[in-house]
Amino acid sequence: MDIEKVVRQHLKMEQFFSGFTLKGKTGTDKPQQKKDNGMTSAEKAADLEKIAEEVNQCRKCGLGSIRTNAVPGEGNPNARIMFVGEGPGADEDAQGRPFVGRAGQLLDKIIVACGLKRSDVYIGNILKCRPPDNRDPRADEIISCLPYLQRQIEIINPEIIVALGAHAAKTLLNTTKSIGQLRGQFLEYYVGINRPPVKLMATYHPAYLLRNYSPDNRRKVWEDMKKVLAELDLPIP
Ligand code: SF4
């Protein structure tokens, strides 16, 4: 095998998970290629803020009465990439912001390794309130909460959704397939009958990666993200 190639791959992997600052173009340096949904940035920001206010008042499911803070989601209203996780954990519940704990720090590294900044993307969850003891979301909670995320996706109109983990992928794709079967390929999320589907890449949740920090799992996530960058015609670091 080509030793140089192996070394290059290894260095890329190290860079991916070390938070190494990359030189070169970011997502915002690229010309805006995103298809417009007819909304201005200001309109998008205002509508996302309205959803956040609704979420902060929401008691549609039982999680609303036991949360510290709701976590509506945050990021660029014009994001080309939207990351969607399962639900808030303890750190997110305490701060009211998505992906700010250890898993969030790993997601930040993944975003930086892609040559992007957190402010380039939008980060949200299927559930906006933390399930107790980080248990899996229940079907009734997902049914109650999903319309908020669906509206966020319609407003942001991302070119690609990256579903983080099995719960996000299965919910958005309406399937019972495992994350192992779903990841690594572009699938489709349907916004509505009159709208073209959004490309969706499923990959492992950063919390899963932290628990299973093997070179193979890290390589798989990096491969998934490289496909996302290539699809958006962004440079692959
Ligand atoms: S999890 Fe969603 S539906 Fe349930 S209370 Fe929170 S915001 Fe409302």
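Return yes or no: is Leu116 part of a loop (DSSP other than H, G, I, E, B) and more than 16 Å from the ligand (Cβ to nearest atom)? Yes: the conditions hold for Leu116. Within region 126-137, one or more residues are free of Cβ contacts under 8 Å to residues at least 24 places away in the same chain and either of a type in the set (Val, Ile, Thr) or over 16 Å from Ile81 (Cβ atoms) (or both). Within region 79-97, the residues that satisfy the criterion of being within 13 Å of the ligand (Cβ to nearest atom), out of contact with any helix residue (DSSP H, G or I) (no Cβ under 6 Å at 6 or more places or on another chain) and either part of a loop (DSSP other than H, G, I, E, B) or at pLDDT below 95 (or both) are Gly87, Pro88, Gly96. Only one of the numbered conditions (1) in contact with a His (Cβ under 6 Å, 6 or more places away or on another chain); (2) away from the ligand (no atom under 16 Å from the Cβ) is violated by Asn76, and that is (1). For region 47-84, how many residues are under 20 Å from Ala103 (Cβ atoms) and under 17 Å from the mean Cα position of the chain (by Cα)? Residues that pass the stated criteria total 10. Consider region 26-57 and keep the residues that are at pLDDT below 95 and touching a Lys or Arg at 6+ places or on another chain (Cβ under 7 Å). The one that is surrounded by the most Cβ atoms within 10 Å (Cβ to Cβ) is Gly27.
Would you confirm whether or not region 202-225 contains a residue that is closer than 21 Å to Asp36 by Cα and without any contact (Cβ under 8 Å) to a residue 60 or more places away in the chain? For region 202-225, residues closer than 21 Å to Asp36 by Cα and without any contact (Cβ under 8 Å) to a residue 60 or more places away in the chain: absent. When the strands (runs of 3 or more DSSP E) confined to region 128-227 are screened for residues that are closer than 26 Å to Asp91 by Cβ and either away from the ligand (no atom under 16 Å from the Cβ) or under 17 Å from the mean Cα position of the chain (by Cα) (or both), those reaching at least 3 such residues are found at 160-164, 198-203.
Quick grid of which residues meet (1) in contact with an Asp or Glu (Cβ under 6 Å, 6 or more places away or on another chain); (2) under 16 Å from Tyr189 (Cβ atoms); (3) surrounded by 20 or more Cβ atoms within 10 Å (Cβ to Cβ):
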| residue | (1), (2), (3) |
| --- | --- |
| Gly89 | no, no, yes |
| Phe99 | no, no, yes |
| Gln105 | no, no, no |
| Leu116 | no, no, yes |
| Lys128 | no, no, yes |
| Arg138 | no, no, no |
| Asn157 | no, yes, yes |
| Val162 | no, yes, yes |
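The one condition from (1) within 16 Å of the ligand (Cβ to nearest atom); (2) among the aliphatic types (A, V, I, L, M); (3) part of a helix (DSSP H, G or I) that Ala70 does not meet is (3).
Within region 123-158, can you find the residues that are at positive phi and of a type in the set (D, E, K, R)? Answer for region 123-158, where residues must be at positive phi and of a type in the set (D, E, K, R): just Asp133. Return the residues of region 181-196 that are touching a strand residue (DSSP E or B) at 6+ places or on another chain (Cβ under 7 Å) and at pLDDT 95 or above; say none if nothing qualifies. Within region 181-196, Leu182, Arg183, Phe186, Leu187, Glu188, Tyr189 meet the criteria.
The values are calculated or read from the model by the stated rules, or taken from the named source; none is laboratory data. As the structure is a computational prediction, the values presented were derived from the model and not from experiment. Note: ideal-geometry Cβ built from the backbone for every residue, glycine included; neighbour counts use all protein chains shown.
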